[in-house]
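A short write-up of the structure that comes next.
Just so it is clear, none of the values below were taken in a lab; they were calculated from the coordinates. Please read all numbers here as calculations on a predicted model, not as lab measurements. Please note: Cβ atoms are built from the backbone with ideal geometry, for glycine as well, and neighbour counts cover all protein chains shown.
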Amino acid sequence: MCGIIGFSGKLDAKKVILEGLSTLEYRGYDSCGVCFFDPNGKFNIIKSTGKVSELIPKVDKEETSAVHVGIGHTRWATHGGVLTENAHPHHAGLVSLIHNGIIENYLSLREQFKLTGSLEGGTDTEIVANVLNLIYEKNGHDALLSIQMLTKIIKGTFAFLIMFEDRKEEIYAIKHVSPLVCASSSDGAFIASDITALIPYTKEFSVVEEGMVICAKRDSLVAYDIDTLKKVTLKKEEITWTIDTAKKDGYTHFMLKEIHEQGSSLDNTIRPRIVDGEIDFTNDNIDDEAIRFFKDIEKIQVVACGTALHAGKVGANVYQDVIKIPIDDYIASEYRYNNTLINDKTLVILLSQSGETIDTLASLEKAKEHGAKVISIVNVKGSTIARESDYVIYTHAGPEIAVASTKAYTVQVASIYMLLTYIAYVRNAVDKNFVNNICKNLFASIENIDKALKKEEDIKMIVKNISSSHDAFYIGRGLDYVFSLEGALKLKEISYIHTEAYAAGELKHGTIALIEEKTPVIAVCTQKNISSKLLSNVKEVKARDAYVILIISEDIEYEKDLADIVIKIDKVDDRFSVFPVAVITQLIAYYTAYDKGLDIDKPRNLAKSVTVE
Ligand code: AGP
């Protein structure tokens, strides 16, 4: 969701802010804006609906002298339409600020501070700018005190960067739930919504923690405790991602690059944790206490959103009868409000690429309140979910820039396989041979991903019949149905084709009525025990003239003419066909969207990191 960048230092702030905003574009947004000081020391706020590329000429036109302090924002609309006046920064008197999150009590603040009539747009953020300005004026222009007072009266989630017109070098930052990171170097001080914007400038960063106020200046970056206003220490962490990992590297889109990176990201995830054919989580701080807890648990709950949920579902399905205790999967936005039984013998596994998804974070809080222990599988280091969990397994996939998740999915599957195997082993539910076999298959999956990538040219040729359709279906049974959920999500989110994933046996109970001539039906058939049943369902849709694409393991026999297109994947253990199937379905989605000429990396209405409910 909203991207945030602020800079105070020696460099050209215009360049830092605009490049930072371009880097943060991947988060998904609909308008953007910046604030610098003009040559007279007044705020110069420039905003635009649409892309950062539309903002840049406006900035170039207006700004003449060099600027060294500024803030920039990409907005994903929540309150108020996509209009220039609703874009951030919002300005009132001596205050200019940008915001990620939602202020829930904005209407009562408007009443309390009698703001009706003085507002331009319809956003919660504009009200906060006005409120802060009134507090600042009333309190002798004391920035820290005013910010402290503001945090006492606003309710909701936020990450704010604030400039005051009479404090030329300073940028202030506060956060509640919505993430912020900061860094300082000999060039100056930086604050951003995530570390991708900091990669060009520093190798170290600090997470802005709850209850901190940050003051960034040209030569200092200081954190204060919001209650006492005394200085506190910022903990430093290393940025392991390089500038190259956040570049397209000659690929037409980040999504395609990330699809191709899956072999190496899988390697990065598993290699440090597989030692002599056994799983070793020592470096992930899975300690004796965790092992004692694993032996004692009565159930496992897997909670996530979107693609991360699909990865979790794969793990939950595969290990249900291996660990021999209930493993249930939950949509995080439901779990956080439902009445599922959670207790101190529950292990909750959360999956999140960004580590910031608000519903997953709220599920974490709920699980802990009920006494459960939480292990999270997260890609972004230092993210909120990672920090709040009892244990964290980082997936080491490198930055995933495309909104559509690809490499994060395959490494999440590998991580949950390793984790559940480990738990099964310490509970004596499986022996060493089982563990060795899982490890061997995980390593073999690196090569199987690369083999699946070789189908790319074939896939390019078949997407025409999908891209011209309004609707499509994925069907499968058992694990193939779970893989289909992810295939369908990928296709719909970037190609805008309405795609349903259906348990193949359930089709005839209603949904088969939607199959007509040329309706694309992508059937996934890799689970040998149930393949004949699935193939019968394929016949049923073929009999209704569907356009059938069959993704099938090479060792499963099928009738000629059953499908219009057959994509074979190499014979692998049923539990590991998830990897080649993921690659094939991702490529189908990618080339379908490509054929339609769509904005693949930044699909409409979507955000990479979903930090609002
Ligand atoms: C999938 O392609 C989407 N980008 C989305 O479903 C995503 O997986 C979901 O929002 C969860 O995000 P997270 O992994 O960062 O928590």
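Proximity of backbone amide H atoms, modeled 1.01 Å from N, is registered between residue 475 and 502, 522, 523, 524 at under 5 Å, excluding neighbours fewer than 5 places apart on the same chain. For residue 604 and residue 168, the FRET efficiency from 1/(1 + (r/R0)^6), where r spans their Cβ atoms and R0 equals 30 Å, is about 0.15. Highest-first packing order for the peptide set 547-560, 191-204 is 191-204, 547-560, based on the mean count of other beta carbon atoms within 10 Å.
Taking other C-beta atoms within 10 angstrom as a stand-in for reagent exposure, 288, 227 fall in the order 288, 227, fewest first.
Residues whose amide H falls under 5 Å from that of residue 31, counting only those 5 or more places apart or on a different chain, are 50, 75, with hydrogens built in the peptide plane.
Applying a length cut-off of 18 Å (Cα extent along the axis) and a mean Kyte-Doolittle floor of -1.0 to the DSSP H helices of the chain leaves 124-138, 306-323, 407-426, 432-453, 479-495, 578-595.
Specify whether the C-alpha gyration tensor of the range 456-595 places it in the rounded, prolate or oblate class, a ≥ b ≥ c being the square roots of the eigenvalues: rounded for a/c under 1.5, otherwise prolate if a/b is larger than b/c and oblate if not. It is rounded, given that a/c, with a ≥ b ≥ c, falls under 1.5. Each of 361, 145 was scored by other Cβ atoms within 10 Å of its Cβ. Listed from fewest to most, they are 145, 361. Across all Cα atoms of the range 254-452, the radius of gyration (one decimal) and Dmax (whole number) stand at 15.6, 45 Å. Listed peptides 447-454, 36-43 appear in the order 447-454, 36-43 once ranked by packing, highest mean of other Cβ atoms within 10 Å at the front.
How would you classify the range 453-530 from its alpha-carbon gyration tensor, with a ≥ b ≥ c the square roots of the eigenvalues: rounded for a/c under 1.5, else prolate if a/b is greater than b/c, otherwise oblate?
Values: a/c = 1.77, a/b = 1.15, b/c = 1.53.
Oblate.
Annotation: peptides 82-90, 603-611, ranked by per-residue average of other Cβ atoms within 10 Å with the highest first, follow the order 82-90, 603-611.
When both bridge partners sit in the chain, DSSP labels roughly 60% of those beta bridges antiparallel.
The order of 427, 271, going from fewest to most other C-beta atoms within 10 Å of their C-beta, is 271, 427.
Among residues other than residue 217 whose Cβ falls under 11 Å from its Cβ, what is the net charge (Lys/Arg +1, Asp/Glu -1)? After counting each charged neighbour, the total is 0.
DSSP bridge analysis restricted to the range 254-452 gives an antiparallel fraction near 10%, rounded to the nearest 5. The stretch between residue 204 and residue 153, if pulled fully straight at 0.36 nm per residue, gains 15.0 nm over its current Cα-Cα span.
State which entries of 51/490; 518/596; 51/235; 61/175; 533/596 exceed 27 angstrom in Cα-Cα distance in the structure shown. Listed pairs above 27 Å: 51/235; 61/175; 533/596. Per residue, the chain reaches -11000 deg cm²/dmol at 222 nm when only DSSP H runs of four or more residues are counted, each adding -39500 (n - 2.57). Legend: distances between Cα atoms for 42/152; 492/602; 15/247; pairs beyond 24 Å are 42/152. Other residues with beta-carbon under 14 Å from the beta-carbon of residue 491 carry, at +1 per Lys or Arg and -1 per Asp or Glu, a net charge of -2. Near residue 136: Cβ cut-off under 11 Å, other residues only, Lys/Arg at +1 and Asp/Glu at -1. The net charge is -2. Using a/c under 1.5 as the rounded threshold, could you call the range 561-613 rounded, prolate or oblate? The axes a ≥ b ≥ c are square roots of the C-alpha gyration tensor eigenvalues, and prolate needs a/b larger than b/c, oblate otherwise. Oblate, since a/c reaches 1.5 and b/c is not below a/b. What separates the Cα centres of the range 595-612 and the range 392-457 is a distance of 26 Å.
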